[in-house]
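Peer 1: Please read through the structure below; I'll follow up with questions.
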Amino acid sequence: MNKADKESTIKVYSGLLRDNGTDSSLGLGWSSKRTQETRFRVLTEIASLAGHSLLDGGCGVGDLYGYLRRREIAVDYCGLDVCPQMLTAARSKYPAAEFLPGELDASNLGRRFDYVLISGAFNWTISDNFGVARRGLRQAWEICRKGVACNFLSSREPYKVDYLYYFSPEDMKAYAESFAGEVTMRHDYKMNDFTLYLYKESEF
């Protein structure tokens, strides 16, 4: 992500957080808690995550960690985000969890995780959403040991919003297949959303 896009992203999410607070899904840009948790459910269905290490890319205020904890799915969790305000809120909300600043970057992170999960990180329109999403997905693949789950807004949505970016499911799946051995696409839970599972080791 270039400097201007990073600054724009931080401005958008810090504004949402300021206006809506840490306990509202609107503070993360989700329309409701239900849609946020639907996406969490689908992401976590990539595999049996209990006992594994997990990186939450674009973690926001850490609500994926809260979701996992409520469902008693014990993981070695780490959240990663570029927005300092989000990280401050996440650490206050979930003091037992680890949160780090930064983007998905295998060379700078210096650690690998069994799974990398990414929810909503590529939704807001910037100068090059497709390029940023492709680089993020590839970096997540380099960071993971077992698999990546990542969701995107879908271009199949008939009622699009100008400030959101909608990806072609077919294009993103084809890109993932260019480097990942096994790729599964989920487009069965919301018309305007799809999730890709990328596996390094078969889970079947």
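Coordinate-derived values only; no laboratory data. Here the structure is a predicted model, which means the values were calculated and not measured. Every residue, glycine among them, receives a Cβ derived from its backbone with ideal geometry; neighbour counts consider all protein chains shown.
Peer 1: Top mean-square fluctuation among VAL161, VAL42, VAL61, Gaussian network model of the chain, C-alpha springs under 10 Å?
Peer 2: Among VAL161, VAL42, VAL61, the largest mean-square fluctuation in the Gaussian network model of the chain belongs to VAL161.
Peer 1: At R0 = 25 Å, how high is the FRET efficiency between THR125 and ILE10 if r is their beta carbon distance? Nearest 0.05 is fine.
Peer 2: So, using R0 = 25 Å, E works out to roughly 0.95.
Peer 1: Per-residue HN-Hα couplings for the range 51-68, Karplus 6.51 cos²θ - 1.76 cosθ + 1.60 at θ = phi - 60°, whole Hz, x for Gly and Pro?
Peer 2: Here the 3J(HN,Hα) series is x, 9, 8, 9, 9, 9, x, x, 6, x, 8, x, 5, 5, 4, x, 4, 4 Hz.
Peer 1: Provide the FRET efficiency to the nearest 0.05 for the SER178-ALA74 pair, computing r from the beta carbons and using R0 = 30 Å.
Peer 2: Values: r = 34 Å, r/R0 = 1.14.
Efficiency at R0 = 30 Å is approximately 0.30.
Peer 1: Could you give the length gained on full extension between ARG34 and LYS200, defined as 0.36 nm per residue of separation minus the Cα-Cα distance, in nm?
Peer 2: So the chain would gain 56.7 nm between ARG34 and LYS200.
Peer 1: About its Cα centre, what dipole magnitude does the chain give when the only charges are +1 on Lys and Arg Cβ and -1 on Asp and Glu Cβ, stated in debye to the nearest 20?
Peer 2: Roughly 280 debye for the chain.
Peer 1: Oh, and also: Give me ARG71, ARG134 ranked fewest to most by other Cβ atoms within 10 Å of their Cβ, as a rough exposure proxy.
Peer 2: On the way: ARG71 13, ARG134 17.
Ordered by Cβ neighbours within 10 Å, fewest first: ARG71, ARG134.
Peer 1: Fully extended, how many nm does the chain gain between GLU157 and ALA96 (0.36 nm per residue separation, minus their Cα-Cα distance)?
Peer 2: Roughly 18.2 nm would be gained on extension.
Peer 1: While we're on this one: With a cut-off of 8 Å between alpha carbons and a minimum separation of six or more residues, what is the relative contact order of the chain in percent?
Peer 2: Averaging sequence separation for qualifying contacts and normalising by length gives 17 percent for the chain.
Peer 1: Helix-only mean residue ellipticity at 222 nm, the chain, DSSP H runs n ≥ 4 weighted -39,500 (n - 2.57), per residue, nearest 500. What is it? Mind showing how you got there, number by number?
Peer 2: On the way: 7 runs with 76 residues, N = 204.
Value at 222 nm, helices only: -11000 deg cm²/dmol.
Peer 1: Output ³J(HN,Hα) for the range 118-129: one whole-Hz value per residue in order, computed from phi by the Karplus curve 6.51 cos²θ - 1.76 cosθ + 1.60 with θ = phi - 60°, and x for Gly and Pro.
Peer 2: For the range 118-129, the Karplus-derived couplings read 9, 10, x, 5, 10, 7, 7, 5, 10, 6, 8, 4 Hz, x marking Gly and Pro.
Peer 1: Right, next: Given bins 10 angstrom wide, list per bin the percent of all Cα-Cα distances in the range 141-204, short to long.
Peer 2: Taking every Cα pair in the range 141-204, the percentages come to 22, 48, 25, 6.
Peer 1: Of LYS93/LYS200; LYS11/LYS33; LYS3/LYS93; LYS160/LYS200, which ones are farther than 31 Å apart at the Cα?
Peer 2: LYS93/LYS200; LYS160/LYS200
Peer 1: So how far apart, in nm, are the two label points at ASP171 and ARG135 if each is 7 Å from Cα heading toward Cβ?
Peer 2: If labels sit at ASP171 and ARG135, their model points lie 1.7 nm apart.
Peer 1: Would you mind checking which residues have amide H under 5 Å from SER53's amide H? H placed 1.01 Å from N; only 5 or more apart, or other chain.
Peer 2: ASP76, ASP114, TYR115
Peer 1: Using only alpha carbon positions, build the gyration tensor of the chain, then give the equivalent ellipsoid semi-axes as the square roots of 5 times its eigenvalues, largest first, whole angstrom. Present the calculation step by step, with values, prior to reporting the outcome.
Peer 2: Values: eigenvalues 97, 86, 58 Å².
Taking √(5λ) for each eigenvalue gives 22, 21, 17 Å, largest first.
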